[in-house]
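The values are calculated or read from the model by the stated rules, or taken from the named source; none is laboratory data. All of these numbers come straight from a predicted model, not from anything done at the bench. Counting neighbours? That spans all protein chains shown, and the Cβs are built from the backbone with ideal geometry, glycine included. The accessibility values were calculated without ligands, DNA or RNA, using every heavy atom of the protein model including side chains. Shrake-Rupley method; radii C 1.70, N 1.55, O 1.52, S 1.80 Å.
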Amino acid sequence: MAGISASSAEGLYDEFVKAGLLITAGPVGAFARGAVFEQVLEAFDALILRIADHEQVETMTFPPVIDRAIIERTGYMESFPNLCGAIHSFAGSDREARAIPTRIAEGQAWGDLLSPTDVVLTPAACYPFYPTCRGTVPANGREVTLRSWVYRQEPSIEPTRMRAFRMREVVRIGAPDTVLAWRDQWRDRGLAILRSLDLPAELDIAADPFFGRAGKMLAAGQIEQKLKFEVLIPILPALPPTACASFNYHQDKFGTIFGIRLLSGETAHSACLGFGLERTVMALFRTHGVDPAHWPATVRALLWP
Ligand code: AMP
Ligand code: ZN
């Protein structure tokens with residue numbers, strides 16, 4: 001079964017819409033997903049969970065908003081101020097409130113009438129987990145899987161670059177060598193999972209899109225120390241392949257910020273992996289065609305065992 005052959009970002013988006021996989025919903029990068037798209041997304045997520053599942057793995061579900069203090073303490077606003085979606089609301093008087101509909105009716109901006117709340121939209125599924133680990137972790141550390149809607153302010157016509165999307169993460173906390181070995185094991189496993197779905201996946205060293213001039217130095221350091229790997233799949237032919245999964249070693253960053261310690265009293269290290277669920281689903285449709293009924297039998301068997 002041939003995949004979709006659209007050559008531009010708009011062309012691919014249009015193909016997805018024509019097939020009912022996506023539904024235009026207004027803001028760029030915030031389209032809706034159709035039923036078949038969701039069936040594949042749930043099947044892929046279940047496949048990861050079957051592989052990630054063992055006795056020690058905990059499951060947690062956080063809402064798609066997190067404490068503003070977490071964003072402040074982790075340095076997110078130094079590294080990614082341009083990606084953050086902060087939540088504002090109205091907190092004034094009755095009289096002041098009347099200015100809002102008036103401004104709206106006049107077609108004027110009204111954002112300055114709102115004030116920041118104590119929450120921001122979650123930028124990565126793992127962020128809210130670390131503060132819950134404060135104190136001493138069990139002898140073998142912690143391993144948890146989380147799935148969340150996350151937000152990044154990066155509007156784009158590329159269907160693969162969304163503002164709101166879902167991430168399946170697995171996070172490991174423990175001693176440095178344990179965590180690094182875990183990250184490497186999952187990096188290879190993540191690549192194998194995507195290749196088992198007949199996707200043309202390749203592994204590469206990567207860096208986060210740190211903001212500004214100082215960000216370039218951070219990215220260079222990240223690459224030099226091999227802290228981040230990504231599995232890339234060609235989805236948009238005119239553009240470099242798209243990162244569908246990431247594997248990150250944070251060293252003692254979160255352990256230090258949130259006071260997470262090993263039994264020995266040393267600061268715990270952490271690593272996480274994140275599958276971009278929508279991106280992987282798009283890679284599947286792109287590669288195998290818009291109708292999952294016609295996908296290769298081996299791929300179907302993995303997704304729908
Ligand atoms: P990151 O935390 O940046 O490593 O992202 C984890 C995973 O989320 C990536 O490997 C992508 O698959 C996915 N992802 C990142 N940014 C976006 C985006 N703007 N739209 C859709 N998926 C994304
Ligand atoms: Zn993470």
Given springs between every Cα pair under 10 Å in a Gaussian network model of the chain, which of PHE44, PHE247, PHE129 has the largest fluctuation? PHE129
Hey, what's the per residue convex hull volume over the C-alpha atoms of the range 209-256, in cubic angstrom? 101
Candidates ASP112, ASP53, ASP291; GNM for the chain (alpha-carbon contacts under 10 Å) flags as most fluctuating ASP112
Round to the nearest 10 and report in Å² the accessible area of ARG142, as given by a 1.4 Å probe over the protein chains' heavy atoms. 40
Estimated distance in nm for a label pair at VAL17 and LYS226, the labels positioned 7 Å out from Cα along Cα-to-Cβ: 4.4
Residues meeting the amide H criterion for ARG33 (H placed from the backbone, H to H distance under 5 Å, 5 or more places apart or on another chain) are ILE23
Ignoring everything but the protein chains, give the 1.4 Å probe accessible area of ILE66 in square angstrom, nearest 10. 10
In the chain the accessible area split gives carbon plus sulfur, as whole percent at 1.4 Å, a share of 56
Ignoring ligands, DNA and RNA, how do ARG134, ARG152 rank by accessible area with a 1.4 Å probe, largest first? ARG134, ARG152
For ARG95, ARG50, ARG183, ARG163, give me the order by solvent-accessible area with a 1.4 Å probe, most accessible first, ignoring ligands, DNA and RNA. ARG95, ARG50, ARG163, ARG183
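Send over the per residue convex hull volume for the chain, Cα only, as a whole number of Å³.
Roughly 155 Å³ of hull volume per residue.
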Solvent exposure of the chain as accessible area per residue, Å², 1.4 Å probe: 47
